[in-house]
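Asker: Provided herewith is a single structure, encoded as structure tokens, for subsequent inquiry.
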């Protein structure tokens, strides 16, 4: 089984890639700007010796044309992605009046446009019954508690939710299922950078286990769904 996981160099993406590769025999194309961390991840997986392979791939989602690099990579590998986990994310925490147009462009490029470009570019490479899992945030779900400083981040994650619903409909003729997990707080580097004094109840490893199970089995039960994954209400 071939799997693509973006944002795999740290946090939830790192743990998800490790758990996926050590749970089932697969090839994981681990995508991130930080290739050094991906090489460490590859070493850990190789030491596990269960027949899985992790392929590090460094690419910048803020760089125009990154999707062409991705296509070249999967063609060189003969990749047929059964699962794609769009986990890469950028969070800039600032009061609304301090946010800039550049902040808007950066967060929407990484959090939304990259999902659009990846899925559009890969359509002809997906096998039947492929599963795309988009990682959003509970902050992007209507009616959830909102936090100061996260206006653009939450808006970009809300866009991922709606894009997921639309993609599920658009990709039905290709027999591709698309779902979205809107995650609550998870103890990651990104969370610590944005909120240094906040401690989440869930670890990145715990969330990674959930995402892997959902990516493998969730499309048997769901398509076009945005599922909140949060221990808080709302």
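Read-outs throughout are calculated quantities, based only on the coordinates presented, and are distinct from any laboratory measurement. None of these values were measured; they are calculated from a predicted model. Methodologically, a virtual Cβ is constructed for each residue, glycine included, from the backbone with ideal geometry; neighbour enumeration extends over all protein chains shown.
Asker: Please arrange 166, 26, 180 by counting, for each residue, the other beta carbons lying within 10 Å of its beta carbon, fewest first.
Answerer: 166, 26, 180
Asker: Nearest 10 degrees, 0 to 90: what angle lies between the long axis of helix 204-217 and the longest principal axis of the chain (Cα atoms)?
Answerer: 50 degrees
Asker: If you average the alpha carbon positions of the stretch 166-183 and of the stretch 1-63, how far apart do those two centres end up, in angstrom?
Answerer: Cα centroid of the stretch 166-183 versus Cα centroid of the stretch 1-63: 23 Å apart.
Asker: Kirkwood hydrodynamic radius, computed over distinct alpha-carbon pairs, for the chain: how many Å, to one decimal?
Answerer: Taking the inverse mean of 1/r over all distinct Cα pairs, the chain comes out at 17.7 Å.
Asker: Ok, one more. Rounded, prolate or oblate: which fits the stretch 54-178 when a ≥ b ≥ c are the square roots of the eigenvalues of the alpha-carbon gyration tensor, with rounded for a/c under 1.5 and prolate only if a/b beats b/c?
Answerer: oblate
Asker: If one takes the longest principal axis of the Cα atoms in the chain, at what angle in degrees, from 0 to 90 and to the nearest 10, does the Cα axis of helix 151-170 lie?
Answerer: Its long axis makes an angle of about 40 degrees.
Asker: Further, regarding this structure: If one takes the longest principal axis of the Cα atoms in the chain, at what angle in degrees, from 0 to 90 and to the nearest 10, does the Cα axis of helix 66-77 lie?
Answerer: Rounded to the nearest ten degrees, it is 20.
Asker: Additional query: Using a cut-off of under 16 Å, list every residue of the stretch 76-96 whose amide N is near the label point 7 Å from the Cα of residue 33 along the Cα-to-beta-carbon line.
Answerer: 87-93
Asker: Quick one: order 1, 20 by neighbouring beta-carbon count within 10 Å, fewest to most.
Answerer: Final ranking by Cβ density, sparse to dense: 1, 20.
Asker: Normalised by the number of residues in the chain, what is the relative contact order in percent for Cα pairs under 8 Å and 6+ residues apart?
Answerer: 20 percent
Asker: How high is the relative contact order of the stretch 146-222? Use alpha-carbon pairs under 8 Å, at least six apart in sequence, and give a whole percent.
Answerer: The normalised contact order for the stretch 146-222 reaches 23 percent.
Asker: Give me 135, 85, 71, 123 sorted ascending by neighbouring Cβ count inside 10 Å, so fewest comes first.
Answerer: Ascending Cβ contact count within 10 Å gives the list 123, 71, 135, 85.
Asker: Continuing with this model, one more query. Rounded to the nearest 5, what % of DSSP beta bridges with both residues in the stretch 2-229 are antiparallel?
Answerer: Beta bridges within the stretch 2-229, antiparallel portion: roughly 0 percent.
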